[in-house]
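Structure, as structure tokens:
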Amino acid sequence: MAFLSTAEIGQFRDTGCLVCPDAVTAAQLAAMRADLGIWIEESRAHAGPYGKTFDNRPRFDVEPGHNAEKPALRRVASPTEISEAYLDVMQNGRMLDMLTDLIGPNLRFHHSKINSKLPGSGTVVDWHQDFNYDPHSNDDVVTSLLFLDEVTPGNGPLMTAPGSHTGPLHSLWHDGVFTGAMGQQASAAFEKIAVRHTGPAGSVCFMHARVAHASRANASTGPRSLFISCVAAADAIPLAANHLPSVHMGMLLRGKEPGRIRSIAFEMEISEVPKGASFFTQQNAANSG
Ligand SMILES: O=C(O)CCC(=O)C(=O)O
């Protein structure tokens with residue numbers, strides 16, 4: 001059964017990106033927003049990153065300057081491990097049905113996280129391709145960014161460079177340092193052709209793992225929070241350490257075990273797994289260094 005139109009599938013293939021409304025039910029959206037609200041309240045009691053993930057790193061990451069009065073929770077790692085609401089969407093959301101039309105029928109979970117830009121937060125994401133972080137034997141790998149808030153031009157929307165998923169993989173290493181971001185030349189070129197992806201809460205932005213993308217700071221008075229998950233065709237085998245390992249890593253989400261490996265040819269440097277709570281620490285260290 002087709003969940004996406006031929007035009008939508010074509011847009012994804014051509015540009016590497018597709019935004020669809022109503023990727024979850026109103027109840028699913030409300031449940032995810034409620035849990036995020038609780039986590040933001042809890043973050044007021046912490047001065048820095050806190051909690052523990054599967055690989056013993058902090059689960060909750062806060063921006064520099066975060067405090068009890070003005071919380072700036074920017075990342076929750078692997079929310080499916082601590083919330084029924086996020087696990088439900090990951091396993092049962094319409095988003096999954098749509099994904100089967102892009103890289104199905106057999107889908108496997110890789111990792112998930114929440115990126116939150118609370119009002120006034122300075123978090124920016126520098127240009128990069130997710131495939132460099134999560135290389136698989138083939139590139140039927142999609143990052144799904146589910147909008148927990150309305151995403152507007154002013155609150156730091158995802159920007160992608162259309163068509164960049166068919167181009168080269170750009171190094172995230174510069175002068176022997178892993179910066180987690182592309183070099184200035186590539187970033188400037190992509191900035192010129194960038195398209196911003198906006199939409200109401202409950203929409204999803206499907207992004208091919210090789211598409212170049214970035215986002216600016218939230219300059220609005222409202223939050224911009226995303227539930228981000230990485231799902232691959234089940235015959236795409238991960239080739240490097242998972243940066244966000246969880247108990248759900250490798251879970252079959254749709255279809256059946258293919259019992260096969262499908263490969264394409266490519267070559268790239270291996271990314272550095274962050275020692276801190278998230279890749280923001282790696283990108284920020286590069287910007288301040
Ligand atoms: O939060 C965003 O705006 C983009 C997130 C992103 O690029 C990532 O986490 O890889």
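Bear in mind that the values in this text are calculations on the coordinates, not laboratory data. Just so we're clear, the structure is a prediction, and the values are computed from it rather than from any experiment. Positions of Cβ are backbone-derived with ideal geometry, glycine not excepted, and every protein chain shown enters the neighbour counts.
For trypsin sites (Lys or Arg not before Pro), the sites in region 5-109 that DSSP calls loop and that have at most 16 other Cβ atoms within 10 Å are 44, 52. The GluC sites (Glu not before Pro) of region 15-85 meeting both criteria, a DSSP state outside H, G, I, E and B (loop) and at most 13 other C-beta atoms within 10 angstrom of the site's C-beta, are 69. Can you flag which of 52/113; 113/192; 70/117 are past 20 Å Cα-Cα? Too far apart for the 20 Å limit: 113/192. In region 6-288, taking the dipole from charged Cβ atoms about the Cα centre, the farthest positive-side position among 77, 62, 124 is held by 62. Sequentially through region 234-240, phi angles give Karplus couplings (6.51, -1.76, 1.60; θ = phi - 60°) of 5, 9, 9, 9, x, 10, 9 Hz, Gly and Pro residues having no value and appearing as x. Between residue 256 and residue 13, residue separation times 0.36 nm minus the direct Cα-Cα distance comes to 85.1 nm.
Reported to two decimal places, what Rg/Rh ratio describes the chain when computed on Cα atoms with Rh from the Kirkwood expression? Walk me through the intermediate numbers first.
Values: Rg = 17.7 Å, Rh = 19.0 Å.
Taking Rh as the inverse mean 1/r over Cα pairs, Rg/Rh reads 0.93.
The relative contact order of region 93-237, computed from alpha carbon pairs under 8 Å that lie at least 6 residues apart in sequence, is 49 percent.
Can you give the charge dipole size of the chain about its Cα centre, rounded to the nearest 20 debye, using +1 on the beta carbon of Lys and Arg and -1 on the beta carbon of Asp and Glu?
Working: 23 positive and 29 negative charges, 41 e Å.
About 200 debye.
Extension gain, residue 6 to residue 45: 0.36 nm times the residue separation minus the Cα-Cα distance gives 9.2 nm.
Annotation: extensible slack from residue 265 through residue 30 equals 80.4 nm (criterion: 0.36 nm per residue apart, minus Cα-Cα distance). Each residue, residue 38 and residue 239, gets one label point 7 Å from its Cα in the Cβ direction; the gap between the two is 4.0 nm. What separates the Cα centres of region 162-215 and region 78-134 is a distance of 16 Å.
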